[in-house]
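For reference, the structure I am asking about is given below.
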Amino acid sequence: MEETIAAIATALGEGGIGIVRISGSQSLSVLNKIFRGRDLQDRMLTYGHIYDNFTGELVDEVMAVYMKAPHSYTTEDVVEIQCHGGIVSLRKILSLTLRNGARMADPGEFTKRAFLNGRLDLSQAEAVIDLIQAKSDASFDVALDQLEGKLGNTIRSIRAELLDILVNLTVNIDYPDEDIEEMTYANLSDGLKKVRARTTQLLATADTGRIFREGLRVAIIGKPNVGKSSLLNALLQQSRAIVTEIPGTTRDTIEETVTIRNVPVILTDTAGIRDTDDRIEQIGIMRSMESFQKADLVLFVIDGSRALDDSDDEIISSLENRKAIVVLNKSDLPQKVWKEDIAKRLPQSHIIETSIKEEQGIGKIEEEIEKMVCGGQVRQKNSVMITSIRHASLLEQALGSIDDALSSTAGCQPLEFIEIDVNHAYELLGEIIGETASSDVIDEVFARFCLGK
Ligand code: GDP
């Protein structure tokens, strides 16, 4: 029999209420030992008090709820005790549940039980962590779609097509002489190509999906005093970074998360990249090189009122082969730098003239960021998106096996060969939803969870 587990389900700290959650067949009996109040009814919040049944001491005034299996988060009997949201009360109540037969839950164990008991597939369970960790509306929405089972359903439907192919293969391998639907290499190839197209289409969403989940990493670079902090502020629409006229004062990198046209963006304003003897500034410069390397997109700010110098040249040469938007700033002042000159040197970049001081051109930067991420399309509600590296890598491997099967088909190889690859693809896709995942994979997924979830 499964052990009954308990944990504090709310964040630790001071809050209006805190919740201790218990799951397993002993949940109700644990509660009954420590709760005095009205009779508990299934899924009805009930007022009462928690007493220490060893000392008789009053612990807290609470509301308790009992959710009878299978209609609960884990599909087991679940009890939740809402107490005052301070650490003392929560710890005391948790410790009482443990002394009355429950065991401390591992991180993610409630959700793991929901998965093992079949209420959630593995991709849905992973969506629970993404929901909790979401930093923007967009990443929350994508995770919610995944929790609703959209990704799982798509994977199941691709697997159903593969299963059809597998059944046909097996029948033709086992009964080659019977007059069952004859599998010609041509229609085998058609079927595989269809699956290939669907898998490719899904995998193509992974880049955008990652950005929606983690945020687009944007580094603002440029030499001192060109307007980087001003740009950051304009994008944040609030004054967090200190704007000054002394070069090199933005000594460290500043990171801010914003939502730009529904795209979650992590903005880093970097210290001016230039030679310096100042230690602290050097550290800042090292960090800015780091954020420059890690960035998905670079916003390179140039002061258009000053002629380009060696520092600009250095940045320009480092930007070849990078995704960059050049912000040609201070267009309100007499210009010494021309868009055409930059375009010649950075032909792949997008150049936007701005006067951050006069609030000109900032909308164009936002528009360009949106275009880069969504390819000009707004995310369709209901469209499935791959947000996890685990899923993307499994899809890639499955695609490899489908390609192997396709080339064996083209070469009219024995059906047994082809069956091995098709079966492999089927298994790999199954790992996404947890149907064929090993216990190591499952443990790894749930290790990312927090306590009480
Ligand atoms: P950073 O060192 O690159 O972060 O540059 P700051 O954002 O601190 O800006 C340096 C100076 O340039 C400040 O005095 C800003 O007010 C000024 N500045 C920023 N953008 C513009 C602009 O578009 N036009 C003009 N005239 N001044 C600007």
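Would you mind stating whether Gly222 is of a type outside the set (Phe, Trp, Tyr), surrounded by 15 or more Cβ atoms within 10 Å (Cβ to Cβ) and at pLDDT 85 or above?
For Gly222, the condition - of a type outside the set (Phe, Trp, Tyr), surrounded by 15 or more Cβ atoms within 10 Å (Cβ to Cβ) and at pLDDT 85 or above - is met.
Going by what's in this entry, would Glu359 be described as among the acidic types (Asp, Glu) and farther than 16 Å from Val226 by Cβ?
Against the criterion (among the acidic types (Asp, Glu) and farther than 16 Å from Val226 by Cβ), Glu359 qualifies.
If you don't mind, another one. Out of the residues in the range 144-179 that are closer than 19 Å to Leu428 by Cα and of a type in the set (Asp, Glu), which is surrounded by the fewest Cβ atoms within 10 Å (Cβ to Cβ)?
Asp164
So which residues in the range 209-219 are surrounded by fewer than 19 Cβ atoms within 10 Å (Cβ to Cβ) and either assigned to a strand (DSSP E or B) or within 15 Å of the ligand (Cβ to nearest atom) (or both), if there are any at all?
Here is the first cut: in the range 209-219, the ones surrounded by fewer than 19 Cβ atoms within 10 Å (Cβ to Cβ) are 210, 214, 217.
Answer for the range 209-219, where residues must be surrounded by fewer than 19 Cβ atoms within 10 Å (Cβ to Cβ) and either assigned to a strand (DSSP E or B) or within 15 Å of the ligand (Cβ to nearest atom) (or both): just Arg217.
So which residues in the range 92-142 are touching a residue at least 60 places away in the same chain (Cβ under 8 Å), part of a helix (DSSP H, G or I), farther than 15 Å from Ser388 by Cα and not aliphatic (A, V, I, L, M), if there are any at all?
Hits for the range 92-142 are Thr97, Glu109, Phe110, Thr111, Lys112, Arg113, Phe115, Asp137.
I want to confirm something. Restricting to the range 440-453 and keeping residues that are assigned to a loop (DSSP other than H, G, I, E, B) and over 18 Å from the mean Cα position of the chain (by Cα), which single residue is surrounded by the fewest Cβ atoms within 10 Å (Cβ to Cβ)? Steps first, please.
If we filter the range 440-453 for residues that are assigned to a loop (DSSP other than H, G, I, E, B), which is where we start, we get 448-453.
In the following step, the residues that additionally are over 18 Å from the mean Cα position of the chain (by Cα) were identified as 451-452.
Values: Leu451: 15, Gly452: 20.
This residue is Leu451.
Name the single residue, out of those in the range 406-435 being touching a residue at least 40 places away in the same chain (Cβ under 8 Å) and outside any helix (DSSP H, G or I), that is farthest from Val167 (Cα to Cα).
Within the range 406-435, the match that is farthest from Val167 (Cα to Cα) is Gly434.
Checking the conditions here, which among Ala437, Ala410, Ala398 is surrounded by 22 or more Cβ atoms within 10 Å (Cβ to Cβ), on the phi < 0 side of the Ramachandran plot and not β-branched (Val, Ile, Thr)? Walk me through it before giving the result.
On the way: Ala437 fails: surrounded by 22 or more Cβ atoms within 10 Å (Cβ to Cβ); Ala410 fails: surrounded by 22 or more Cβ atoms within 10 Å (Cβ to Cβ).
Only one candidate qualifies: Ala398.
Here is a check on your reading of the model: is Ser407 within 21 Å of the chain's Cα centre (by Cα) and hydroxyl-bearing (Ser, Thr, Tyr)?
Values: within 21 Å of the chain's Cα centre (by Cα): no; hydroxyl-bearing (Ser, Thr, Tyr): yes.
In short, no.
When you scan the range 317-325, do you find a residue that is within 15 Å of the ligand (Cβ to nearest atom) and crowded, with 16+ Cβ neighbours inside 10 Å, even just one?
no
Another question about this same structure. Would the range 237-250 turn up any residue that is more than 14 Å from the ligand (Cβ to nearest atom) and modelled with pLDDT under 55?
Among the residues of the range 237-250, at least one is more than 14 Å from the ligand (Cβ to nearest atom) and modelled with pLDDT under 55, which makes the answer yes.
Moving on. For the range 2-49, name all the residues that are part of a strand (DSSP E or B), crowded, with 20+ Cβ neighbours inside 10 Å and more than 39 Å from the chain's Cα centre (by Cα).
Phe35 - this is the single residue of the range 2-49 that is part of a strand (DSSP E or B), crowded, with 20+ Cβ neighbours inside 10 Å and more than 39 Å from the chain's Cα centre (by Cα).
Then there's this: Among the residues of the range 346-369 satisfying the criterion of being outside any helix (DSSP H, G or I) and within 32 Å of the chain's Cα centre (by Cα), which is farthest from Arg217 (Cα to Cα)? I'd like the intermediate steps shown before the answer.
Kept after step one, since they are outside any helix (DSSP H, G or I), are these residues of the range 346-369: 346-361.
This time we only want the ones that are within 32 Å of the chain's Cα centre (by Cα), so: 348-352, 361.
Numbers: Gln348: 19, Ser349: 17, His350: 17, Ile351: 19, Ile352: 19, Gly361: 21 Å.
Selected residue: Gly361.
Let me ask something else. Could you give me the residue pairs with C-beta distances under 8 Å whose first residue belongs to the range 311-333 and is closer than 14 Å to Lys228 by Cβ and in contact (Cβ under 8 Å) with a residue 40 or more places away in the chain, whose second residue is assigned to a strand (DSSP E or B) and among the hydroxyl-bearing types (Ser, Thr, Tyr) wherever it lies, and which are 6+ apart or on separate chains?
From residues that are closer than 14 Å to Lys228 by Cβ and in contact (Cβ under 8 Å) with a residue 40 or more places away in the chain, the pairs are Asn329/Ser355; Lys330/Ser355.
With the condition kept exactly as written, say whether any residue in the range 330-345 is hydrophobic (A, V, I, L, M, F, W, C), within 30 Å of Leu166 (Cβ to Cβ), more than 16 Å from the ligand (Cβ to nearest atom) and part of a helix (DSSP H, G or I). First the steps, then the outcome.
From the range 330-345, those hydrophobic (A, V, I, L, M, F, W, C) are 333, 337-338, 342-343; that's our starting set.
Then drop every residue that is not within 30 Å of Leu166 (Cβ to Cβ), which leaves none.
There is no residue in the range 330-345 that is hydrophobic (A, V, I, L, M, F, W, C), within 30 Å of Leu166 (Cβ to Cβ), more than 16 Å from the ligand (Cβ to nearest atom) and part of a helix (DSSP H, G or I).
The values are calculated or read from the model by the stated rules, or taken from the named source; none is laboratory data. From a predicted model like this one, the values you see are computed outputs, not experimental measurements. Positions of Cβ are generated from backbone atoms using ideal geometry, with glycine treated the same way; all protein chains shown enter the neighbour counts.
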